[in-house]
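Comments concern the structure below.
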Amino acid sequence: MLIGPYTLASPVILAPMAGITDAPFRRICLEMGAGLVVSEMVSARDDLRGTDLSRRRYEPDSWNPIPVVQLLGADPRSMARAARHAEDCGAAIVDVNFGCPARKVCGMACGSAIMASESLAREILEAVAGAVSIPVTVKMRTGWDASHRNAVELARMAEDAGFSAVTIHGRTRSDLFRGEAEYETIAMAVKALGIPVIANGDITDPEKAQRVLKKTAAAGVMIGRAAYGNPWVLGRVGAVLAGSEDPGAPDRLGAGRVVLQHLRYHLEYWGEAQAAVRTFRKHAVWYLERFGGGDAARALVQENDAGTVRRILEDFFEREEDR
């Protein structure tokens with residue numbers, strides 16, 4: 001799969017998810033077989049660019065050959081400036097967020113709210129594409145609501161503006177994450193565009209990925225919530241799409257190696273302060289629950305000490321009994 005000059009090793013992409021896809025989790029997912037990993041969205045506002053959080057989200061990952069920065073904003077000029085800043089910082093690709101359905105984001109007329117104004121969407125797409133020399137992509141929903149599914153029209157705008165790829169989540173903004181994703185709109189976009197279209201929404205395992213690609217003829221898939229505590233799903237999907245057998249999920253000992261490596265990356269990146277430990281706990285709980293570690297998860301959920309969190313995970317994943 002090609003995005004601009006970049007050939008992805010796998011057509012399986014980790015979705016950008018606020019509060020989830022920080023640098024340590026992206027690194028684990030890339031190691032587990034993702035072909036591309038996308039940063040958490042960063043505000044395009046000029047006055048927020050100097051904050052520590054924004055700086056970290058613009059900063060390219062030294063271990064990542066194709067760092068992607070996703071921008072959130074509703075002003076074409078500030079989005080263009082933010083795209084130039086991302087390129088100057090070392091981003092290989094800039095992604096535009098037309099997909100986030102969160103009330104807080106849409107309340108600021110950002111994310112999927114922009115899909116309700118096609119003229120504004122066109123201005124943003126043209127401004128961002130014209131501001132940088134690196135590839136630009138956009139992630140969107142199928143539309144604002146069931147009566148206004150306009151993803152195909154906006155995707156055409158993106159292609160006309162010079163975008164290199166489009167990702168479409170198979171729900172409208174008003175759907176949030178309720179109900180089942182629909183893929184007909186994605187299939188229509190694939191037929192209408194000459195650039196890669198990536199399918200997103202409810203892709204949870206290799207079999208579902210195969211069905212979605214058969215239905216849509218998309219160039220690749222993007223996986224989000226299914227990767228919670230399950231980063232190896234990206235490699236499993238990639239293997240099957242490449243024609244190999246599904247390697248399956250690791251056993252508990254193998255998963256433990258991944259979990260503890262994730263913890264090491266997290267603490268190296270964020271430090272061992274209580275706030276950093278708290279941001280890892282959700283990942284730890286997801287990992288534990290996937291392997292029936294409810295008791296360990298309950299012991300961990302209020303823990304703020306990095307050493308104690310590490311011991312709880314080691315005790316659960318590395319002990320001999322129950323394996």
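Every number here is computed from the coordinates shown, using simple stated rules; none is lab data. Because the structure is a prediction, the values reported are computed rather than measured. All Cβ positions, even for glycine, are placed from backbone atoms using ideal geometry, and neighbour counts span all protein chains on display.
Starting at the first residue of the stretch 72-79, write each ³J(HN,Hα) from the Karplus equation 6.51 cos²θ - 1.76 cosθ + 1.60 with θ = phi - 60°, in whole Hz, x for Gly and Pro.
These are the phi-based 3J(HN,Hα) values: 10, x, 10, 10, x, 5, 5, 5 Hz.
Mind telling me which of 139, 214, 282 comes out most flexible in a GNM of the chain, alpha-carbon contacts under 10 Å?
Between 139, 214, 282, it is 214 that shows the largest mean-square fluctuation.
Taking the Cβ-Cβ separation of residue 153 and residue 319 as r and a Förster radius of 45 Å, what is the calculated FRET efficiency to the nearest 0.05?
Numbers: r = 56 Å, r/R0 = 1.24.
The value I calculate is 0.20.
Taking the number of other C-beta atoms within 10 Å as the exposure measure, put 49, 311 in order starting with the fewest.
Numbers: 49 16, 311 13.
Starting with the residue having the fewest Cβ neighbours, the order is 311, 49.
Exposure proxy check: 215, 191 ranked by fewest other beta carbons within 10 Å? List each step's numbers first, then the result.
Numbers: 215 14, 191 10.
Listing 215, 191 from fewest to most nearby Cβ atoms yields 191, 215.
Checking the cross-link filter: which aspartates and glutamates have an alpha carbon closer than 17 Å to that of residue 282, excluding same-chain neighbours under 8 positions apart?
22, 40, 272, 295, 303, 305, 314
Rounded, prolate or oblate: which one fits the stretch 1-106, using the alpha carbon gyration tensor with axes a ≥ b ≥ c (rounded when a/c is under 1.5, else prolate when a/b beats b/c, else oblate)?
Details: a/c = 1.60, a/b = 1.49, b/c = 1.08.
Prolate, because a/c is 1.5 or more and a/b exceeds b/c.
Can you give me the distance in nm between label points at residue 282 and residue 295, each placed 7 Å from the Cα along the Cα-to-Cβ direction?
2.8
Among DSSP beta bridges lying fully in the chain, give the percent that are antiparallel, nearest 5. Display every interim value, and only then the final one.
Numbers: 2 of 32 bridges.
Close to 5 percent.
Running a GNM on the chain with Cα contacts under 10 Å, which residue among 280, 25, 291 ends up with the highest mean-square fluctuation?
291
On full extension of the chain, what length is gained from residue 88 through residue 242, given 0.36 nm per residue of separation minus the C-alpha to C-alpha distance?
Working: separation 154, 0.36 × 154 = 55.44 nm, distance 3.47 nm.
Roughly 52.0 nm would be gained on extension.
What percent does the relative contact order of the chain come to when contacts are Cα pairs within less than 8 Å and at least six residues apart?
Values: 638 pairs, mean separation 45.9, N = 323.
Value for the chain: 14 percent.
Test of understanding: ordering 257, 56, 310 by Cβ neighbours within 10 Å, fewest first, what list do you get? Intermediate values should be presented prior to the final figure.
Numbers: 257 12, 56 15, 310 18.
If I rank by nearby Cβ atoms, fewest first, I get 257, 56, 310.
With point charges of +1 on the Cβ of Lys and Arg and -1 on the Cβ of Asp and Glu, referenced to the Cα centre of the chain, which listed residue (155, 228, 14) lies farthest in the positive direction of the dipole?
Most positive-ward Cα: 155.
Specify the angular offset, from 0 to 90 degrees and rounded to the nearest 10, of the alpha carbon long axis of helix 151-161 from the longest principal axis of the alpha carbons in the chain.
Computed tilt is about 70 degrees.
Hey, with R₀ at 25 Å, roughly what FRET efficiency would residue 217 and residue 145 work out to, going by the Cβ-Cβ distance, to 0.05? Could you put the intermediate results ahead of the total?
Values: r = 26 Å, r/R0 = 1.03.
So, using R0 = 25 Å, E works out to roughly 0.45.
Who wins for biggest fluctuation among 76, 135, 65 in a Gaussian network model of the chain, springs between alpha carbons below 10 Å?
65
Let a ≥ b ≥ c be the square roots of the eigenvalues of the Cα gyration tensor of the stretch 252-318; is it rounded (a/c under 1.5), or, if not, prolate (a/b larger than b/c) or oblate?
Values: a/c = 1.91, a/b = 1.34, b/c = 1.43.
Oblate, because a/c is 1.5 or more while a/b does not exceed b/c.
Could you give the distance between the Cα centres of the stretch 122-168 and the stretch 225-289, to the whole Å?
One Cα centre to the other: 31 Å.
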